[in-house]
Amino acid sequence: MAACPLRYVLDIDASLQCADLIRDCPELMSLEKDVLRLPASDFWLEWFCEPEEPGSEISGLRLGCLARATEDGRSGTLVPFYAAADGAAKRLPGTIEFDLDRDVPRSALGSRNFTHRLFPHLDHILRHAFIVMDERWVAKASKKGLATLQNMLTLEAEGTWFYLPYLLTFSLLLNSPNVVQTRNGVSASVGSGAPIKAVTDHIEVSMHLGETRRQSNAGEWASSRASRETPRLHLVRGHYVSRGEKTFWRTSHLRGNGEWAGFYKTVNVKAGRALP
């Protein structure tokens with residue numbers, strides 16, 4: 001984790017925004033290969049867990065995932081984490097393996113495939129992933145009998161099924177043009193009695209998801225969701241576009257405004273605001 005060159009850290013609103021997209025936009029998980037993929041070969045994503053009861057306050061529990069993907073972002077491994085009571089990151093005893101272009105092996109001893117009866121639209125993705133538990137975990141659980149092992153595997157699967165869909169949903173936001181607003185700022189460190197020195201190998205970026213603008217009839221800029229706290233993100237399916245005598249394919253994307261450029265960085269991600 002300490003050596004990971006790229007880190008995304010979501011605030012509460014951005015965390016809930018991604019979770020809403022998973023539930024409310026089932027088309028996301030059936031998009032084109034060049035859209036539905038992880039954005040980098042090695043990165044960390046951290047977000048807030050949703051409240052257990054709808055309408056209740058968020059608990060502050062944070063989840064995280066260390067992702068390692070192939071160059072095309074379509075296969076790889078995810079190492080899930082959660083924040084302990086003292087704020088320290090704790091690793092869950094398993095690794096999620098995925099390949100979006102191939103069916104993964106069925107459940108074997110020490111592993112478990114994913115499905116979700118309440119969100120069947122995610123099965124298209126979940127059938128391409130499975131969790132493999134650590135050998136020490138399997139050895140310890142097996143001592144209690146095969147039935148106990150299977151029950152414990154089921155519990156682990158129920159607690160980790162959302163990691164891959166969540167990462168893909170967030171990745172789609174990054175891969176969509178004009179959906180992210182950024183503000184760059186170089187990190188700084190202070191030495192004893194010395195002036196502040198810029199850290200040249202680390203850049204922190206503030207990022208706002210889903211901000212949109214429209215021009216009013218009076219010619220002034222107004223929020224596209226003037227009466228709402230955050231803009232509504234929506235999916236635009238891939239379609240052909242004609243420009244003069246040329247016709248080209250525009251890939252699926254989320255409608256928004258802004259752009260993102262990549263650096264080695266920590267990214268603090270916030271939900272979209274109403275812009276003046």
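The values are calculated or read from the model by the stated rules, or taken from the named source; none is laboratory data. Fair warning: this is a prediction, and the values are worked out from it, not measured in the lab. No Cβ is skipped: glycine too gets one built from the backbone with ideal geometry, and neighbour counts run over all protein chains shown. These accessible areas exclude ligands, DNA and RNA; they are computed on the full protein's heavy atoms, side chains included. Shrake-Rupley method; radii C 1.70, N 1.55, O 1.52, S 1.80 Å.
Brief remarks on what is shown
- When restricted to residues that are open to solvent by less than 60 Å² (accessible area, probe 1.4 Å) and more than 18 Å from the chain's Cα centre (by Cα), the stretch 69-87 contains 2.
- Residue check for residue 171: in contact with a Pro (Cβ under 8 Å, 6 or more places away or on another chain) and at pLDDT 65 or above: yes
- Of the numbered criteria (1) at pLDDT 90 or above; (2) over 26 Å from residue 46 (Cβ atoms), the one residue 106 fails is (1).
- For the criterion of being at pLDDT 90 or above, part of a strand (DSSP E or B) and over 21 Å from residue 172 (Cβ atoms), residue 81 passes.
- Among (1) surrounded by fewer than 19 Cβ atoms within 10 Å (Cβ to Cβ); (2) at pLDDT 85 or above; (3) within 18 Å of residue 162 (Cβ to Cβ) - the single one residue 45 does not satisfy: (1)
- Scanning the stretch 129-169 for residues that are closer than 21 Å to residue 109 by Cβ, in contact with a Leu (Cβ under 6 Å, 6 or more places away or on another chain) and assigned to a helix (DSSP H, G or I) returns 141, 142.
- Qualifying residue in the stretch 45-62 (condition: among the hydroxyl-bearing types (Ser, Thr, Tyr) and in a strand (DSSP E or B)): no
- Scan of the stretch 88-128 for residues that are open to solvent by 60 Å² or more (accessible area, probe 1.4 Å) and assigned to a helix (DSSP H, G or I), ordered by number: 120, 124
- Residue count, the stretch 129-150 (criterion: of a type outside the set (Asp, Glu) and surrounded by 13 or more Cβ atoms within 10 Å (Cβ to Cβ)): 12
- Filtering 87, 76 for residues that are among the small types (Gly, Ala, Ser) and over 27 Å from residue 151 (Cα atoms) leaves a single hit, 87.
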